[in-house]
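Please treat every number below as a calculation from the coordinates, not as lab data. These numbers were taken from a predicted model, which means no experiment stands behind them. Backbone-built Cβ (ideal geometry, glycine too); neighbour counts: all protein chains shown.
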Amino acid sequence: MSPPEEKRLLVVHHTVSPSTHSMLRACLDGAQDPLIKGVQVVERAALVASAADALRADGYLLLGPVNLGYLAGAIKHFFDQAYYPCLESTVGRPYAAVLHADGDATGALHAMASITRGLRWREAAKPVVVTGTPTVDNLGAIRELASALAAGLVL
């Protein structure tokens with residue numbers, strides 16, 4: 001009997017600040033927990049992540065800043081170019097979001113929910129929104145979210 005095929009978690013990020021860099025590190029640490037077997041973590045900057053990357057993935061972790069109350073343009077760019085190619089082929093796949101805001105993230109959360117609802121992706125966990133400099137607790141919550149998302153792909 002051949003071993004089961006490895007699942008693929010696509011981490012799409014727009015990390016333009018020290019805060020978002022530390023949050024990405026926490027995402028990758030959680031998703032690549034050595035106790036989780038059978039998951040390949042693929043990291044892509046939002047401006048280079050492709051529809052092909054999204055189609056090959058079994059789940060998605062989306063990380064970026066909130067700019068002027070809305071999703072960062074780079075994250076929106078990823079969705080814009082991947083939306084139609086993924087529309088029928090990725091239905092039901094799990095995703096989670098991690099956002100960094102200096103203020104209100106309501107508009108970004110609404111946009112994320114609207115886009116992923118259109119794609120018919122399944123929210124695997126409530127989004128983690130960090131306001132200001134990430135704390136140890138924030139980074140721990142991000143690691144836990146990423147770990148749970150990755151582990152859920154092989155359960």
By a straight-distance test (C-alpha under 21 Å), which lysines pair with Lys76 as possible cross-link partners, with residues fewer than eight away in the same chain excluded? Lys126
Given H placed 1.01 Å from N in the peptide plane, which residues other than close sequence neighbours of Val129 have an amide H under 5 Å from its amide H? Leu99
Just to check I understand the Karplus step: with θ = phi - 60° and J = 6.51 cos²θ - 1.76 cosθ + 1.60, what whole-Hz values come out for the range 11-25, glycine and proline as x? 9, 9, 9, 10, 10, 10, 9, x, 5, 5, 5, 5, 5, 4, 4
Enumerate the aspartates and glutamates that Lys7 could reach by cross-link, defined here as Cα to Cα under 18 Å, with residues fewer than 8 away along the same chain left out. Asp29, Asp33, Glu43, Asp53, Asp58, Glu123
Okay, which of the range 90-126 sit inside 20 Å, backbone N to the point 7 Å along the Cα-Cβ direction of Glu144? 95-101, 123-126
If R0 is 25 Å, what FRET efficiency do you get for Leu35 and Arg117 from their C-beta distance, rounded to 0.05? 0.20
Over all directions, how big on average is the projection of the convex hull of the alpha-carbon atoms in the chain, in square nanometres? 8.8 nm²
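Just order 94-103, 78-87, 114-123, 146-155 by mean Cβ neighbour count inside 10 Å, highest at the front, would you?
94-103, 146-155, 78-87, 114-123
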Fully extended contour minus Cα-Cα distance, from Leu68 to Arg25, at 0.36 nm per residue: 13.1 nm
